[in-house]
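*Asks:* What follows is a structure written as structure tokens; I'll ask about it next.
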């Protein structure tokens, strides 16, 4: 017998959706970071907030979360989607350029902060093994909070933002070795044998499988789905790539987020990256919001009340020790004062992987439950401070000395495409000719098309051609619409061309937009939508025929070209002024109609 649907089964889901609908607009209106709103909402809705009063006021059960564990499991996908999106913005070449910061600064930060925090733990009476486990857990910072904060402040591609992300990336790589070390310490003998070394094998194999699949099968799979021209199937393929890579990584002993990150890097090399970004962005935003709510739900306020000195002392000590250590290491690696300050304060708090490390440490009896829970509450409190600390870092950085030349690892990483590029929408016959003329004048350009075969042809020719629907402003933005020099619309579908012109003009009133028109009537419509120039095929064909016959019968070339340009300008002026020359405009339209 099927289980009957009960409204109570969906209470937690409804509570979260209501929270998202209230918190995000309210905090944006107050010009506060929405992340703080979701964290606070989680505290209020959780069992340690209003849930603690439900025994006295039973009606509070209707506005509190019943199953925080289920929410936490789903919320973990927020970090997975976030790392995937970050991977889409990178490439193997960018990672190669960042290797000094990832494996240099990131490794020294892990070692230095772990030893420093572990030494403090030992000084406070913790056994050496427990102190090191706590130190390693607290050393990990929050990717899920730090990266969105940097993106919102448009600092992710700056020197400090790149350094911050490099450290976070190494921390994600370090989670698996830390967990294996905890398992060894939990055995009690502390010995490291061949079996422990072999335990690292699945992680290496898992990453190899993801990379091999991405290199061999990812592009053909996406091309096959794109040819089906089904929005639903394309979205399903995107979700399959993310979740599939995450599950392979998880089965190999790595984090799902790391597997998704590698999948994102592999997709970043393909022509489908921007379309995938547009498809996945809503999922990432919703699941990240749920992740922040779940963090607030886990904050046990009773421990803060029972041991305020311990919890607050750990929180303050964590921020101070990590901040000082990271700032010093940043200067050691050649970062400017500004970047060092920004990275130090953004990374000073705890992170979501502290829950994973400490949960395993408590399960292995390496750390006592009482101490582990208190440390988790302290780490959660510091995560609440990340938006504030990052903002403070930005303000302090402005007061620091002017930065020196940018670190070599970051040179050229601020933008993937040249500034002032031209966007060519439609890469068929006309679009290819436009691209060829732009190349002849050494003007940078990229193209967008909905036909995978045209995209593939452009890629094989060595051009930057991306798959996607250019009528959506999100895709145009990811292709550089904000800094584009011009947009050329060459699509043969009148409706599609009109949608692109209207979208681009609505986003950039100052942009030069040149569009291909079917006939004079269509050109007039494009002018009304905001095109700078509309080129009707029928009129241009008539003018070119006229030019050919006049030259062939002996009229001087100079006179012919001048008359053609004059006639073209007449058409343009008439079509671009819908309020003037009504009768003549109609005759011109009729003359240009096929």
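The values are calculated or read from the model by the stated rules, or taken from the named source; none is laboratory data. Predicted model, so just to flag it, every value in this text is computed and none were measured. Note that each Cβ is placed from the backbone with ideal geometry, even for glycine, and that neighbours are counted across all protein chains shown.
*Asks:* Would you tally the residues in the stretch 486-495 being part of a loop (DSSP other than H, G, I, E, B) and out of contact with any strand residue (DSSP E or B) (no Cβ under 6 Å at 6 or more places or on another chain)?
*Replies:* Let us first name the residues in the stretch 486-495 that are part of a loop (DSSP other than H, G, I, E, B), namely 490-493.
Then drop every residue that is not out of contact with any strand residue (DSSP E or B) (no Cβ under 6 Å at 6 or more places or on another chain), which leaves 491-493.
Residues in the stretch 486-495 being part of a loop (DSSP other than H, G, I, E, B) and out of contact with any strand residue (DSSP E or B) (no Cβ under 6 Å at 6 or more places or on another chain): 3 in total.
*Asks:* When you go through (1) outside any helix (DSSP H, G or I); (2) touching a helix residue (DSSP H, G or I) at 6+ places or on another chain (Cβ under 9 Å) one by one for residue 509, which number turns out not to apply?
*Replies:* Of (1) outside any helix (DSSP H, G or I); (2) touching a helix residue (DSSP H, G or I) at 6+ places or on another chain (Cβ under 9 Å), only one is false for residue 509: (2).
*Asks:* Quickly run through the stretch 96-111 and pick out the residues that are part of a helix (DSSP H, G or I) and at pLDDT below 85.
*Replies:* Passing the criteria: 96, 97, 99.
*Asks:* Separate question: Please list, ordered by first then second residue, the pairs with beta carbon atoms under 6 Å, 6 or more apart or interchain, first in the stretch 56-75 and more than 14 Å from residue 45 (Cα to Cα), second modelled with pLDDT under 80 and surrounded by fewer than 14 Cβ atoms within 10 Å (Cβ to Cβ).
*Replies:* Final answer for the pair search is none.
*Asks:* Turning to a different aspect of this structure: Which helices (runs of 4 or more DSSP H) sit wholly inside the stretch 267-361 and have at least 2 residues that are surrounded by 18 or more Cβ atoms within 10 Å (Cβ to Cβ) and touching a strand residue (DSSP E or B) at 6+ places or on another chain (Cβ under 9 Å)? Reasoning before the result, please.
*Replies:* Details: elements: 273-297, 301-306, 308-332, 337-347.
Per the criteria, 273-297.
*Asks:* Right, residue 108: surrounded by 15 or more Cβ atoms within 10 Å (Cβ to Cβ), under 29 Å from the mean Cα position of the chain (by Cα) and either over 18 Å from residue 173 (Cα atoms) or in contact (Cβ under 8 Å) with a residue 24 or more places away in the chain (or both) or not?
*Replies:* yes
*Asks:* Which residue pairs have Cβ atoms under 6 Å apart, sit 6 or more places apart or on different chains, and have a first residue in the stretch 131-154 that is outside the structural domain of residue 172 (by TED's automatic domain parsing) and without any contact (Cβ under 8 Å) to a residue 12 or more places away in the chain and a second that is assigned to a loop (DSSP other than H, G, I, E, B) and buried (at least 24 other Cβ atoms within 10 Å of the Cβ)?
*Replies:* So the pair list comes out empty.
*Asks:* Pick out the one residue from 515, 499 that is closer than 23 Å to residue 465 by Cα, assigned to a strand (DSSP E or B) and free of Cβ contacts under 8 Å to residues at least 60 places away in the same chain.
*Replies:* Within the list 515, 499, the selection yields 515.
*Asks:* Can you name the helices (runs of 4 or more DSSP H) wholly within the stretch 422-485 that have at least 3 residues being touching a residue at least 60 places away in the same chain (Cβ under 8 Å) and assigned by TED's automatic domain parsing to the domain that holds residue 515?
*Replies:* 452-460, 473-478
*Asks:* Which count do you get for residues in the stretch 34-50 that are over 12 Å from residue 298 (Cα atoms) and crowded, with 19+ Cβ neighbours inside 10 Å?
*Replies:* 5
*Asks:* Still on this structure, I have one more. Could you list, ordered by first residue, the pairs with Cβ atoms under 7 Å in which the first is in the stretch 233-262 and surrounded by 20 or more Cβ atoms within 10 Å (Cβ to Cβ) and the second is modelled with pLDDT under 90 and not in a helix (DSSP H, G or I), at least 6 apart or interchain?
*Replies:* 249/255
*Asks:* Hey, among the residues in the stretch 538-554 that are modelled with pLDDT under 85 and either exposed (fewer than 14 other Cβ atoms within 10 Å of the Cβ) or in contact with a strand residue (DSSP E or B) (Cβ under 8 Å, 6 or more places away or on another chain) (or both), which one's farthest from residue 501 (Cα to Cα)? Show your work before the answer.
*Replies:* As a first pass, look at the stretch 538-554 and keep what is modelled with pLDDT under 85: 538-552, 554.
Pick out the ones that are also either exposed (fewer than 14 other Cβ atoms within 10 Å of the Cβ) or in contact with a strand residue (DSSP E or B) (Cβ under 8 Å, 6 or more places away or on another chain) (or both) and you get 541, 544-545, 548-549, 552, 554.
Values: 541: 23, 544: 26, 545: 29, 548: 32, 549: 34, 552: 38, 554: 41 Å.
Residue satisfying both the conditions and the ranking: 554.
*Asks:* A follow-up question, please. Given the options 518, 432, 478, name the one that is modelled with pLDDT under 90, buried (at least 17 other Cβ atoms within 10 Å of the Cβ), within 27 Å of residue 229 (Cβ to Cβ) and more than 27 Å from the chain's Cα centre (by Cα).
*Replies:* 518 is the lone residue from the list that is modelled with pLDDT under 90, buried (at least 17 other Cβ atoms within 10 Å of the Cβ), within 27 Å of residue 229 (Cβ to Cβ) and more than 27 Å from the chain's Cα centre (by Cα).
*Asks:* Checking residue 305 against (1) in contact (Cβ under 8 Å) with a residue 40 or more places away in the chain; (2) more than 21 Å from the chain's Cα centre (by Cα), which single condition isn't satisfied?
*Replies:* (1)
Listed here are the residues, each with its yes/no results for (1) part of a loop (DSSP other than H, G, I, E, B); (2) more than 16 Å from residue 290 (Cα to Cα).
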site: 20; (1), (2): no, no
site: 31; (1), (2): yes, yes
site: 36; (1), (2): no, no
site: 44; (1), (2): no, no
site: 51; (1), (2): no, yes
site: 65; (1), (2): yes, no
site: 69; (1), (2): no, no
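*Asks:* I've got another one for you. Among (1) within 28 Å of residue 317 (Cα to Cα); (2) outside any loop (DSSP other than H, G, I, E, B), there is one condition residue 82 misses while meeting the rest; what is its number?
*Replies:* (1)
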